[in-house]
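J.: What follows is a structure written as C-alpha cells; I'll ask about it next.
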Amino acid sequence: MSGIVIRNGQVVTALDQYVADIYCEGGKIVAIGENLDVPAGTEVVDASGQYVLPGGIDAHTHMELPFMGTVSSDDFFTGTAAGVAGGTTSIIDFIIPSRNQSLIEARDFWMNNAKKACADYGFHMAVTWYGEQVEQEMRRVYREDGISSFKVFMAYTGAIGVDDDEMIGVIDTAADLGALVTAHCEHGLAVQALQRKLVAQGKTAPRYHAESRPSWVEGEATNRAIMLARCSGQPIYIVHLTCKESLDAVVRARQEGQLVYVETCPQYLLLDDSVYDKPDFEGAAYVMSPPIRPKGHQEALWHALSCGLIHHVATDHCPFRQHDQKVMGLHDFTKIPNGAAGIENRIALMYTYGVATGRLTLNQLVDVCCTQPAKIFGLYPRKGAIRVGADADLFTYDPAASSTISARTHHQRVDRNIFEGFEIRGAVTNTLVAGKLAFTRGELRVERGAGRYLHRV
Ligand SMILES: NC(=O)NCCC(=O)O
Ligand SMILES: [Zn+2]
Ligand SMILES: [Zn+2]
C-alpha cells in the first residue's frame, strides 16, 4: 500500500512544537523525523510554513438527531464531511433512546445511521430513564460496544430528562463499570415553570428562550450534578458549560479534590445574548440549550480555558434549518428546535480568537480540541497524538491564510451559520483521515462510509 508524507511542517502537539516530516502508511503514522526517506510513489504534502496538528476530536455532536418534532439536518455523512473540512477527524455522538425505549434498540438505530460517516465515530449512551432493564443494558453496551461514557439530561423534563433518583442510579452503575457520566446541567422543572410564565404573558419570541433558561438555573444543576457524583465518589463530565455560576461550582469541587471534567463550545466563548434581538426571527438560529449568555460570562470562560479548568472545546453540533425547522417555533419559542451547527468552524475559531489573540497557546489549542477528548474518552494515544503507531489523522493549518465565515460557503447542511461574518485567521489546508487525504486545497475528497466505529474500552 502506498503511503503519504507530510513534509517540513511545524508539528504541534499538546506539549511540543518542532519541524519534521510525518510518514503514514496503512492508516497509521509510521515515521516522524527530518528529511525522511520514503518509498517511491509516496504522495507528498508540502507543509512548509504551516502547522501540522493531530486530527480534531469533537466529543459532542448530534448528527441526524430526532429532536423536538424534527431531525437535525446534518446526517452522519454530511456532518463528518463538514468536520473534515474544518480539521476534525473523529466525533463522539450520542445515542438517545426515548423514555422507556430499550437502549439496545436505540443503539441499533444509531449504529445503522452512522455507517455513512466519512470520519471515525464513537457514541456516548444517553440514559433517559432508569430501572433494572436499563442497568443491564448499560452493562451490555459497555461490554459489547465499548461505550464507556453515559449521558444524563437534567433538562428536557418529561421528554429525555431524568430526575435525581434516576441520575443516582446511572452514576452508580457507571461507577461499577468504570465508565464516565456526562451531564447536561439545567434545572428542568425550573425551566418549564419559567417557560409557562413567559408564554402566558405573550412573550413568545426567541429572546425569551434565553430568559426561560437563566445562568443560575444552569449553575444550580451543575452544582447538583457534581454533588451527586461526589456521593458515589465519582468524577463527572459537564457538557456545554456556559456561565460563571457553573464555573463557581466547578472551582469549589476542584478545590475540595473532586475530579470534574468541563466542556464548553465556541458559541459560548464568542457570542453574547444580543443575538436573540436580531429582527425577522433570526434570533431563532441561536436557540440552543443552554442559551447564549449575557456579556461577562464569555471572559470568565476564556479565563477558565486558559488556566486549564475547561478541558475540551466541543461544538454540540446540532443544526436545524431556519426556513422549515426553526420556523416551527415562530409563534412560540418553546417549539423552536434547540441547536446549531459548528463542527466545521471550531478549530479555526479557536485559532483566531484563542491563539491569535494570545488567550491560548497553540499547544493549548491542540490540547482542548484534540488531545484531552481522546484522553478523557478512552481514545488516547490512538487518537489525539502525533506519534509512531497512532492513527494517521492529521491536518495542516496555514496561519497566513484568511477568510470570513458564511453559510454561503460552509459545508454544513444548514442555511444559517451562527458565526456568519466572523473573520478567520489561518485556514485548514489538508486533512488526513486514516492516512488518506480527505480534504485538500478547499476540496473535499471524503468517502461515504469510510469512517470506523470507535470502541472505547
Ligand atoms: N444543545 C441543544 O440545544 N441541542 C442539542 C441537545 C443538547 O445537547 O441539549
Ligand atoms: Zn445538552
Ligand atoms: Zn448536545
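J.: For residues that are among the polar types (S, T, N, Q) and within 16 Å of ligand 2 (Cβ to nearest atom), scanning just region 208-250, find the one that is surrounded by the fewest Cβ atoms within 10 Å (Cβ to Cβ). So that I can check it myself, show each step before the final result.
T.: Of the residues in region 208-250, the ones among the polar types (S, T, N, Q) are 212, 215, 222-223, 232, 234, 242, 246.
Adding the requirement that they be within 16 Å of ligand 2 (Cβ to nearest atom) leaves 212, 215, 222, 242, 246.
Details: 212: 23, 215: 20, 222: 29, 242: 29, 246: 31.
Within region 208-250, the match that is surrounded by the fewest Cβ atoms within 10 Å (Cβ to Cβ) is 215.
J.: Sticking with this structure for a sec: Which pairs have Cβ atoms under 6 Å, sit 6 or more apart or on different chains, and link a residue in region 181-200 that is within 18 Å of residue 62 (Cβ to Cβ) and basic (Lys, Arg) to one that is within 12 Å of ligand 1 (Cβ to nearest atom) and not in a helix (DSSP H, G or I)?
T.: Filtered contacts from region 181-200: no entries.
J.: Moving on. Can you tell me which residue among 243, 231, 265 is in contact with a Lys or Arg (Cβ under 7 Å, 6 or more places away or on another chain) and among the hydrophobic types (A, V, I, L, M, F, W, C)? Talk me through it step by step, then tell me what you get.
T.: Values: 231 fails: in contact with a Lys or Arg (Cβ under 7 Å, 6 or more places away or on another chain); 265 fails: in contact with a Lys or Arg (Cβ under 7 Å, 6 or more places away or on another chain).
So the residue among 243, 231, 265 that is in contact with a Lys or Arg (Cβ under 7 Å, 6 or more places away or on another chain) and among the hydrophobic types (A, V, I, L, M, F, W, C) is 243.
J.: Right, another one. Would you please list the contacts, defined by Cβ atoms under 7 Å and residues six or more apart or on different chains, that run from a residue in region 316-327 that is aromatic (Phe, Trp, Tyr) to a residue that is in a strand (DSSP E or B) and more than 9 Å from ligand 1 (Cβ to nearest atom)?
T.: 320/70
J.: Hey, another quick one. Do we have residue 175 as within 16 Å of the chain's Cα centre (by Cα) and either at pLDDT 95 or above or of a type in the set (D, E, K, R) (or both) here?
T.: Details: within 16 Å of the chain's Cα centre (by Cα): no; either at pLDDT 95 or above or of a type in the set (D, E, K, R) (or both): yes.
Here the answer is no, as residue 175 does not meet what is asked.
J.: So in region 158-191, with the set limited to residues that are of a type outside the set (A, V, I, L, M) and within 11 Å of ligand 2 (Cβ to nearest atom), which one is surrounded by the most Cβ atoms within 10 Å (Cβ to Cβ)?
T.: Start the filter on region 158-191 by keeping residues that are of a type outside the set (A, V, I, L, M), which leaves 158, 161, 163-166, 169, 172-173, 176, 178, 182, 184-188.
Now drop any that are not within 11 Å of ligand 2 (Cβ to nearest atom), which leaves 161, 182, 184-186.
Values: 161: 22, 182: 24, 184: 25, 185: 27, 186: 29.
Only one residue tops the list, namely 186.
J.: Just checking, how many residues over region 251-307 are more than 16 Å from ligand 2 (Cβ to nearest atom) and assigned to a loop (DSSP other than H, G, I, E, B)?
T.: Of the residues in that region, 14 qualify.
J.: Return the only residue of 23, 18 being outside any loop (DSSP other than H, G, I, E, B), under 16 Å from residue 435 (Cβ atoms), of a type in the set (Phe, Trp, Tyr) and at pLDDT 95 or above. Talk me through it step by step, then tell me what you get.
T.: Working: 18 fails: under 16 Å from residue 435 (Cβ atoms).
Just a single option satisfies the conditions, and that option is 23.
J.: I'm told residue 205 meets every condition in (1) in a loop (DSSP other than H, G, I, E, B); (2) within 16 Å of ligand 3 (Cβ to nearest atom); (3) surrounded by fewer than 24 Cβ atoms within 10 Å (Cβ to Cβ) except one. Can you identify the failing condition by its number?
T.: (2)
The values are calculated or read from the model by the stated rules, or taken from the named source; none is laboratory data. The structure displayed is predicted, hence computed values, not measured ones. Don't worry about glycine lacking a Cβ; one is built from the backbone with ideal geometry, like all the others, and counts go over all protein chains shown.
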